[in-house]
Amino acid sequence: MLNPDLFQPLPQQEGAYVYDDGDRGPAEFFHGRKDIRARFHRVLATAHAKKAGTTFLVQGAPGAGKSALLHQMCTESEGWVLANIGGPELWNPVAMAQALGKSYTVTRTISGGVEIKVFSGGVDKEVAGSATPGEVLRRQAPPTGVILVFDEAQTLPKISAHVEMEATATLNAIHNGLLGAPVVLLTAGLGTTKIAYKKMGVSRFKRGCVHQIEALGLQAQQAVIRDWLTIAGGAKGDVDPWIDAITEKSHGWPQHMICYALCAKDVLDQTGGEMSSAALEEVLAFGDHDRAAYYAGRVDGLKQSDIVRIAQVFSGVAPSEHMSKEDIIDSLQYGQDQACAEKLFEDLLHRGVIAHTTVGMYQSPIPSFHRWIVQNFGKDLGKG
């Protein structure tokens, strides 16, 4: 999530911040997603011209690069005020006022770098005491426009019943451009996020405002890997064999690419940038380990028997093949009743292990994860 609290101040530039690298947030090197970025900035231009906003949704599997894409789009939104929200701001006017009071803007430096200025203005008590978060937005949103950034928005349906009506009213006011100000909700989450918004009464998105992101294209992923090797790792010599090897392993998924790219940087640091076949083998071995750890994290906390049930689902279809909900639940009933299978189905949706693709159909969103589950747990299908 784009959280100003995660930015660390530069001592030589008061007020300027840079991101402290973590699991989420901006990519060290960003390439691709040009169409989505262009569409978002057309939405901003329309919102500014009409003094009315809407909702722009990005959804996809875990590790597809949603948070990095949000950050990239924001760093390209010069002149707009940005504010992070997480849920309470939708029903609590004080929380909304505080979010706007901690907003920030992006400017470009002469050298082409990005400078992020964070504001820590006080909360307007009169505005914070308004009846609704929407009223706070009407009165505090700057005329230049505000982008509300809401990541991990698949959590929306968990809003308690006593605040759901207020949250829905705020979402609809933003979504339908009823605030009299250019307010755009830039939001992202797993493949269930659009469904979550529908449950909150936001179902009809404007054309070009919903995007399902998947693996990066070949050119973009190779550009990212090249930057990691040459800029971050200081590689010397022909990097193409390393790029080809990492591309084949990462399948275009940003999180996978990071697994191998970080290992490559560490190995290149140790070799002084020298690229040998032995060093590449070490990179791939460490990357395989890190990628497997990432996959294990996707099912962390599930019972072993439930992971075997996932293998039961995946073993009957090819990676990325579509499946009906009924067929998935039928496989998940392996050794348990239907109610437990339906509960597990919802958990797998939330984790991004399976993803909704089209009406009534689902799939495993990451083919290599699909294969990992089958290879490691399919052997247990006959047990129990």
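Some points to look at:
- Averaging Cα coordinates gives a centre for segment 34-48 and one for segment 268-322; these two points are 35 Å apart.
- Solvent accessible area, Å² - GLU89, 1.4 Å probe, full protein context: 30
- Prolate/oblate/rounded call for the chain, Cα gyration tensor, a/c under 1.5 rounded: oblate
- Residue-level accessible surface for ILE225, protein heavy atoms, 1.4 Å, Å²: 0
- Charge dipole of the chain (Cα centre as origin; +1 on each Lys and Arg Cβ, -1 on each Asp and Glu Cβ, all else neutral): 1480 debye, rounded to the nearest 20.
- For ALA181, the amide hydrogen comes within under 5 Å of the amide hydrogens of GLY53, counting only partners 5 or more places away or on other chains and with H modelled in the peptide plane.
- Area of ASP330 that stays accessible when all protein chains are in place (1.4 Å probe, Å², to 10): 110
- Modelled this way, with points 7 Å down the Cα-to-C-beta line, the labels at GLN336 and GLN304 are 1.6 nm from one another.
- Here r is the Cβ-Cβ distance between ASP244 and LYS199 and R0 is 51 Å; the resulting FRET efficiency, rounded to 0.05, is 0.70.
- Positive dipole terminus of the chain, leading residue within GLY273, SER315, PHE345 (C-beta point charges): PHE345
- The accessible-area ordering, largest first, of the residues MET361, MET200 stands as MET361, MET200, per a 1.4 angstrom probe.
- Inter-site label distance for ASN176 and VAL163 at 7 Å from Cα along Cβ, in nm: 2.3
- Among the lysines of segment 235-384, pairs that are 8 or more positions apart or on different chains and have alpha carbons within less than 18 Å of each other number 6.
- Accessible-area rank, largest first, for THR247, THR358: THR358, THR247, with all protein chains present and a 1.4 angstrom probe.
- For the chain, built as a Gaussian network whose Cα springs stay under 10 Å, the top-fluctuating residue of ALA97, ALA235, ALA181: ALA235
- Summary of the geometry: segment 170-220 and segment 357-374, compared by the centres of their Cα atoms, lie 23 Å apart.
- nm² value of the averaged projected area, convex hull over the Cα atoms of segment 59-104: 3.9
- Contact order normalised by residue count of segment 156-221, Cα under 8 Å, 6+ apart, percent: 38
- Counting only protein chain heavy atoms and rolling a 1.4 Å probe, the accessible areas of ARG351, ARG371 rank, largest first, as ARG371, ARG351.
- Of LYS50/LYS206; LYS66/LYS194; LYS158/LYS194; LYS158/LYS198; LYS66/LYS198, pairs whose Cα-Cα distance is over 18 Å: LYS66/LYS198
- Per-residue [θ]222 nm for the chain (sum of -39500 (n - 2.57) over DSSP H runs n ≥ 4, rounded to 500): -14000 deg cm²/dmol
- Bridge orientation summary for the chain: considering DSSP beta bridges with both residues in this region, about 45 percent are antiparallel.
- Note on LYS343 and LYS206: their simple-model spin labels are 4.3 nm apart, each label 7 Å out from Cα toward Cβ.
- Net dipole in debye of segment 292-384 [+1 Lys, Arg Cβ; -1 Asp, Glu Cβ; about Cα centre; nearest 20]: 320
The values are calculated or read from the model by the stated rules, or taken from the named source; none is laboratory data. Remember, predicted model here, so these are calculated numbers, not experimental data. Cβ: placed from backbone, ideal geometry, glycine included. Neighbour counts: every protein chain shown. Note: accessible area is taken over every heavy atom of the protein model, side chains too, but ligands, DNA and RNA are not part of it. Shrake-Rupley method; radii C 1.70, N 1.55, O 1.52, S 1.80 Å.
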